[in-house]
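Visitor: After the structure tokens below, expect a handful of questions from me.
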2 protein chains.
Amino acid sequence: MLERSRTAAVIIIGNEILSGKTRDENSPYFAAQLRALGVDLSLVTVIPDIVEDIANTVSECSRRFDYVFTSGGVGPTHDDVTFEGVARAFGVGLAENAQLTALITRKCGEGLSRTAMRMALLPEGAELVNVEGMNFPPVRIKNVYVLPGVPEFLRAKFEKIKERFRQKPFYIKRVYVEEDECRIADALSSTAQEFEGVEIGSYPKSGNDGFRVLVTLESRDEATLVRALERLLGLLPSKIVVKTE
Amino acid sequence: MLERSRTAAVIIIGNEILSGKTRDENSPYFAAQLRALGVDLSLVTVIPDIVEDIANTVSECSRRFDYVFTSGGVGPTHDDVTFEGVARAFGVGLAENAQLTALITRKCGEGLSRTAMRMALLPEGAELVNVEGMNFPPVRIKNVYVLPGVPEFLRAKFEKIKERFRQKPFYIKRVYVEEDECRIADALSSTAQEFEGVEIGSYPKSGNDGFRVLVTLESRDEATLVRALERLLGLLPSKIVVKTE
């Protein structure tokens, strides 16, 4: 029996992504990182800088998944409302975090306005994670990790906390097929039915890559994965299999 | 008074995106296209190839937004379950579409298996949109447009239907500021409060671009936008404004 997978959701908060002004670099980063950590990323969602949307999405994701990562909306300006949304998701208030006030003052200097100091207002019960050397450390509230939107900052912070999420890894096999998807559907379907713990994906390519479909097989159980691959290769005419890796 | 904005949600369906194997090219495409069409993209969500997830997400998005676009999961293999999910979202069954059967047979040849012919099973009440010249036309069910996952195919199909979504355009102004976000938060906040129809965004840059924050102002009302820009420029010390465009 495989242990239960840990699941995660990524919530990207920012009008600039939805309006096409900025390309979201953070969800592809999370997808790759979480996969390498053996965590099942089960949802990515991009939502606007609206308190109610953030509250509803965080609340639902926190219930459904083991870990939730948010990106964006933690700066000092009027459109930074992530902490307000997260607080509302958990039905708690916002309270000034003295440690954060000190860090912000160190970075921005004294005499900041009330607006700018909103950055130091965290949901009650929030914790700063791995504070050392960071202007603005990741903030955790229950199973929700709040991270900034700027990709460089987000990556630096996630790097510092990622080992706490590591699980058993995924193994992957790839089969490159020179045939239309319609013609291999049965072989894929029967292999998928026989090996339930193996996830089989089929991705047609439109370009001229020397193959027409990439088939992937993935599992946390390497021996089962190898057996599933052998079964699939037994079902496909060998002349259409360009390579396996 | 501005007319009510039309809203849209994009649902990207595919394990390959969530597992980091494939980068999602479709949601950035939709973000740019919908913005140019004057449509408010209000949600992007990436979900796995699971019927129940698709059903729940489509059902909720169809109620909340004017238009819903899905990408992926419409091929002939076992992991293509988008139509099943959409049918369940609307509480209808799947029925063979004769027009689609003919198109698929034309593309893949005769004698396809039942598995492969699942592609021709559409939710009851679905309509093929702009059929001419396409192997697999976009499918519409109520306000939901079902499109393929391969970016090249998705774009070709969306190009053919996009004019039906066109609204009044957005106008945008950009102000490049050489100052920390903390120090301009008040100016942004008071401008945003005064001009409610203008959306003001503030995006700190980590790199060395000759400015530290990009401020954007957007509205469907050009005259109001110009007044908001003037107000903001009046509130910011001129020496920190690198340029406006």
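Visitor: For the range B:94-133, give the magnitude of the charge dipole about the Cα centre (Cβ charges: +1 Lys/Arg, -1 Asp/Glu; no others), in debye to the nearest 20. Before the final figure, lay out the partial values.
Guide: On the way: 4 positive and 5 negative charges, 45 e Å.
So the dipole magnitude of the range B:94-133 works out to roughly 220 debye.
Visitor: Right, here's the next one. Tell me the distances, shortest first, between A:Gly93 and the same position across the other copies, using label points 7 Å along Cα→Cβ, in nm to one decimal.
Guide: For A:Gly93, the other copies' label points sit at 5.8 nm, shortest first.
Visitor: Moving to a separate point now. Which percent, to the nearest 5, of DSSP beta bridges fully inside chain B are antiparallel? Mind showing how you got there, number by number?
Guide: Values: 24 of 40 bridges.
Given both bridge residues lie in chain B, the antiparallel proportion sits at roughly 60 percent.
Visitor: Now a separate question. On a 0 to 90 degree scale, rounded to 10, what angle separates helix B:26-36 from the longest Cα axis of chain B?
Guide: So the helix axis and the longest Cα principal axis differ by about 60 degrees.
Visitor: The range B:108-147 to the range A:47-68: how many Å between their Cα centroids?
Guide: 34
Visitor: Just checking the output field for B:198-205: average partner chain Cβ neighbours within 10 Å of each residue's Cβ?
Guide: Working: counts 0, 5, 4, 10, 7, 10, 7, 2.
Mean inter-chain Cβ contacts per residue within 10 Å come to 6.
Visitor: With unit charges on the beta carbon (Lys/Arg positive, Asp/Glu negative), name the residue among B:Gly85, A:Val213, A:Ala55 whose Cα is farthest towards the positive pole of the charge dipole of the protein assembly as shown.
Guide: Result: A:Val213.
Visitor: Report, as an integer, the average count of C-beta atoms from other chains found within 10 Å of each Cβ along A:11-23.
Guide: On the way: counts 0, 2, 0, 2, 8, 6, 5, 13, 12, 11, 10, 6, 4.
For peptide A:11-23, the averaged partner shielding equals 6.
Visitor: Rounded to the nearest 0.05, what FRET efficiency is calculated for A:Arg114 and A:Glu159 with R0 set to 35 Å and r the Cβ-Cβ distance?
Guide: Numbers: r = 33 Å, r/R0 = 0.94.
Efficiency, rounded to the nearest 0.05: 0.60.
Visitor: For every helix of n ≥ 4 consecutive DSSP H residues, a contribution of -39,500 (n - 2.57) applies; sum these over the protein assembly as shown, divide by its total residues, and give [θ] at 222 nm rounded to the nearest 500 deg cm²/dmol. Display every interim value, and only then the final one.
Guide: On the way: 17 runs with 170 residues, N = 490.
So the calculated ellipticity at 222 nm is -10000 deg cm²/dmol.
Visitor: Can I ask one more? So for the pair B:Thr105, A:Met134, with labels modelled 7 Å out along Cα→Cβ, what separation do we get in nm?
Guide: The two pseudo-label positions are separated by 6.1 nm.
Visitor: Could you give the dipole magnitude of the range B:171-244 about its Cα centre, charging the beta-carbon of Lys and Arg +1 and that of Asp and Glu -1, in debye to the nearest 20?
Guide: 240
Visitor: Among the lysines, which have Cα under 29 Å from the Cα of A:Lys239 when same-chain residues fewer than 8 positions away are ignored?
Guide: A:Lys173, A:Lys205, B:Lys21, B:Lys107
Visitor: Taking the alpha-carbon distance from B:Lys168 and a cut-off under 17 Å, which aspartates and glutamates remain once sequence neighbours fewer than 8 residues away in the same chain are dropped?
Guide: Cross-link targets: B:Glu3, B:Asp40, B:Asp66, B:Glu199, B:Glu218, B:Asp221, B:Glu222.
Visitor: If amide hydrogens are placed 1.01 Å from N in the peptide plane, which non-local residues have theirs closer than 5 Å to the one on B:Gly14?
Guide: B:Ile47, B:Asp49
Visitor: If you take every DSSP beta bridge whose two residues both sit in the protein assembly as shown, what share of them, in percent to the nearest 5, is antiparallel? Please list the in-between numbers first.
Guide: Details: 51 of 83 bridges.
Just about 60 percent of them are antiparallel.
Visitor: Size of the dipole of chain A about the Cα centre, Lys and Arg at +1 and Asp and Glu at -1 on the beta carbon, nothing else charged, in debye to 20?
Guide: 460
Visitor: Further question: Can you tell me the length gained on complete extension of the stretch B:Ala32 to B:Ser206, counting 0.36 nm per residue apart and subtracting the Cα distance? Working shown, then result.
Guide: Details: separation 174, 0.36 × 174 = 62.64 nm, distance 2.36 nm.
That pair, B:Ala32 and B:Ser206, stretches by 60.3 nm at full extension.
Visitor: So, one more: May I ask you to report, in nm to one decimal and beginning with the shortest, the distances from A:Arg174 to the same position in the other copies, taking label points 7 Å along Cα-to-Cβ?
Guide: 3.5
Visitor: A further question follows. Could you tell me which Cys residues in the protein assembly as shown have no other cysteine's Cβ under 4.7 Å from their own Cβ, answering none if every one has a partner?
Guide: Flagged as lacking a Cys partner: A:Cys61, B:Cys61.
Visitor: In addition: One decimal, nm, shortest first: give the distances between the label point of A:Gly125 and those of the same position in the other copies, each label point 7 Å from Cα along Cα→Cβ.
Guide: Once sorted, the set of distances for A:Gly125 reads 4.0 nm.
Visitor: Right, here's the next one. What is the mean number of Cβ atoms from other protein chains located within 10 Å of the Cβ atom of each residue in peptide B:119-130, rounded to a whole number? Could you put the intermediate results ahead of the total?
Guide: Values: counts 3, 0, 0, 0, 0, 0, 0, 0, 0, 0, 0, 0.
Going residue by residue through B:119-130 and averaging, the value is 0.
Visitor: Taking amide H positions as placed 1.01 Å from N in the peptide plane, with prolines and chain starts having none, which residues 5 or more places from A:Val242, or on another chain, fall under 5 Å of its amide H?
Guide: Amide H neighbours of A:Val242: A:Tyr176, A:Val177, A:Glu178.
Visitor: Given the rotation that superposes chain A on chain B, what residue of A brings its beta carbon nearest the axis, and what is the distance in Å?
Guide: A:Thr45, 2
Values in this text are rule-based calculations from the coordinates and carry no lab data. Worth saying up front: this structure is predicted, and the values here are computed from it rather than measured. Reconstructed Cβ throughout: ideal geometry from the backbone, glycine too, with neighbour counts over all protein chains shown.
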